[in-house]
Amino acid sequence: MATPFYVTTPIYYVNDAPHIGHAYTTVAADALARWRRLWGDDVVFLTGTDEHGLKIQRAAEAQGVSPLEWADRTSQGFRDTWQLLDITNTDFIRTTEPRHAEAVQQFLQVVYDNGFIELATYEGLYCVACEAYYTEDELVDGLCPIHGTPVERVTEENYFFQLSRFTDQLLEHYTTHPEAVQPETRRNEVLGFIKGGLRDFSMSRTSLSWGIPLPWDPKHITYVWFDALFNYCTAVGYGHDRARFDRYWPATYHLIGKDILRFHAVYWPAMLMAAGEAPPQCVFAHGFLLVGGEKMSKTSANQIFPKDLVADFGVDGFRYHFLADQRFGPDGDFSHEAMVARYNADLANNFGNLANRVLNMATSYGDGPAPEARADGPLVAASARALEGTAAAFERLDFSGGLAAVWELIRAANSYIEAEEPWKLHKAGDADATAAVLGDCLEALRIIAVLASPAIPRACVELWRRLGLSGSPEDELLPDAVAWGRGPSGTRLDKGTPLFPRLES
Ligand code: MSP
């Protein structure tokens, strides 16, 4: 039976339209999902929208519509964007769906019955944009440390989740599972936060109505983060299909931005422990995508929308850039110029040229079937290295490293052509030598189409077709698919037009 692999993105707030920061996480999750499918895993890939809470209630009020109308509209914007970007999520969850409310209420009741929730009066400083309380000393110049906006003083009788009781259990978990928070810097941050002392947090609100009522005291509405985090369990069957839940839980990877690390690596595992469920296997927090050194936000009006970049670079050009341009971990700056330069260098020149020149020569030199690869050609070792390099890098979510390993093979094939000059061999009438070089290169292209398909699926499917292969690179299984010489002989080639036309800057 196939190995279960469960990857998630954060569920996005519906107060905002999807921008390239959201797309960054989602494209990475998609590349990972596609990569694991190539290894035959049974992949569940979840994304969705976070629709409750004060932030959304106020956004809807500002538009003069009901919160649900507002959520319907903006949630659809996320769906459409993911479809545009060829995202292969297997589910899309909305926290306003009945399946979610039911699952959250069942979960809450278990945590309550287990004695980890108590009623208390609370006065605190609340940031609506974060949907979180801060202490005086966490503020920067009296403002929210994340948004730089004023916080509100709120006094409420709330239910509290007793996070402080999980200090030892969390430390023990992260000591015995060092891989559970990545990268290392984020793990240290989480350990530091836990060791600094955990405070119980309020997990209900009476000041708003837009959310899920607590099952034992329905005038209290579940705190939006408590509700939101649980989406990961709802989607795999918590509360209505225990067998399915047990198959996919704990999640293999929660991919998140560093801004929501504390919620995912401290609150969330403790909440699960309180209900006797296992914490996620790995929370991987990446950095921000900055524009001109600043975080994108509606207020700074510096947001860049995927559809605008797709219009210039195509879907694969978009995906490739965000996977290859920066390591998946640290912050990175986005610039249009750098995107054009990378597109031209890697996609138009290296990848596109290799495909175009090999297919051009192979179709114009002989009108028969494609030449075969030699068993001991000079690209055999380069192909094996490409698989090893890609696998090692993708396994640590180093997408740029994985793509660099594929591009090494592309470079090796281009250098091989430069060195052998098959156009001269052809002119000299040496049909065997010409066929040998082109046969090797066609086989390398087949292997490249498989290994690059998680990042640039459209181009790889098209290349596959032009190579005369049946099916799609996405139906292949690693590692056998990239064994040298596995390509069928005698296929009919189609030279086609450039896969990635050059762009003017
Ligand atoms: N709704 C919460 C998450 C709940 S998960 C149970 C939330 N939503 S959000 O829409 O504000 O942001 C979600 C995620 O979007 C961030 O953690 C991050 O992954 C991504 N990003 C938003 N802006 C970003 C950048 N500028 N750069 C990179 N990622 C960013 O928080």
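Every number here is computed from the coordinates shown, using simple stated rules; none is lab data. This is a predicted model, so every value here is computed, not measured. Because the Cβ atoms are built from the backbone with ideal geometry, glycine has one as well, and the counts that use them run over all protein chains shown.
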In Å³ per residue, the alpha-carbon convex hull of the range 356-505 encloses 117 Å³
In whole Å, how far is the Cα centre of the range 141-158 from that of the range 458-492? 56 Å
Pop out the Kirkwood hydrodynamic radius of the range 33-94 from its pairwise C-alpha distances, inverse of mean 1/r, in Å to one decimal. 13.3 Å
Answer in debye to the nearest 20: the dipole magnitude of the chain about its Cα centre, from +1 Lys/Arg and -1 Asp/Glu charges placed on Cβ, is 720 debye
Roughly how many debye, to the nearest 20, is the charge dipole of the range 228-303 about its Cα centre, given +1 on each Lys and Arg Cβ, -1 on each Asp and Glu Cβ, and no other charges? 80 debye
Report, largest value first, the span of the C-alpha coordinates of the chain along each principal axis, in whole Å. 90, 47, 38
At a 10 Å Cβ-Cβ cut-off, how would you order 30, 475, fewest neighbours first? 475, 30
Please list, ordered by chain and number, the residues whose modelled amide H lies under 5 Å from the amide H of residue 39; skip anything fewer than 5 residues away on the same chain. 478
Any lysines with Cα under 25 Å of the residue 495 Cα? List them, leaving off those in the same chain fewer than 8 positions away. 424, 427
For 195, 55, 258, what ranking results if the residue with the fewest other Cβ atoms within 10 Å of its Cβ goes first? 195, 258, 55
In Å and from the alpha-carbon atoms only, list the Rg and Dmax of the range 5-157. 18.4, 53
What list do you get for 437, 291 if you sort them by fewest beta carbons within 10 Å? 291, 437
Going by a 4.7 Å Cβ-Cβ cut-off, which cysteines of the chain have no partner at all? 233, 282, 441, 460
Of the residues 171, 265, 208, the Cα lying farthest along the dipole of the chain towards its positive end, which is defined by charges on the beta carbon of Lys, Arg, Asp and Glu, belongs to 265
If you add up the charges near residue 13, with Lys and Arg at +1 and Asp and Glu at -1, over every other residue whose beta carbon is less than 13 angstrom from its beta carbon, what do you get? -2
Cross-link partners of residue 195 among lysines (Cα-Cα below 21 Å; sequence separation of 8 or more within a chain): 258
Cα to Cα, under 15 Å, and not fewer than 8 places away if on the same chain: which aspartates and glutamates meet these conditions relative to residue 298? 16
Taking the Cα centre of the range 77-203 as origin, sum charge times position over the Cβ atoms of Lys and Arg (+1) and Asp and Glu (-1), and report the length of that vector in debye to the nearest 20. 240 debye
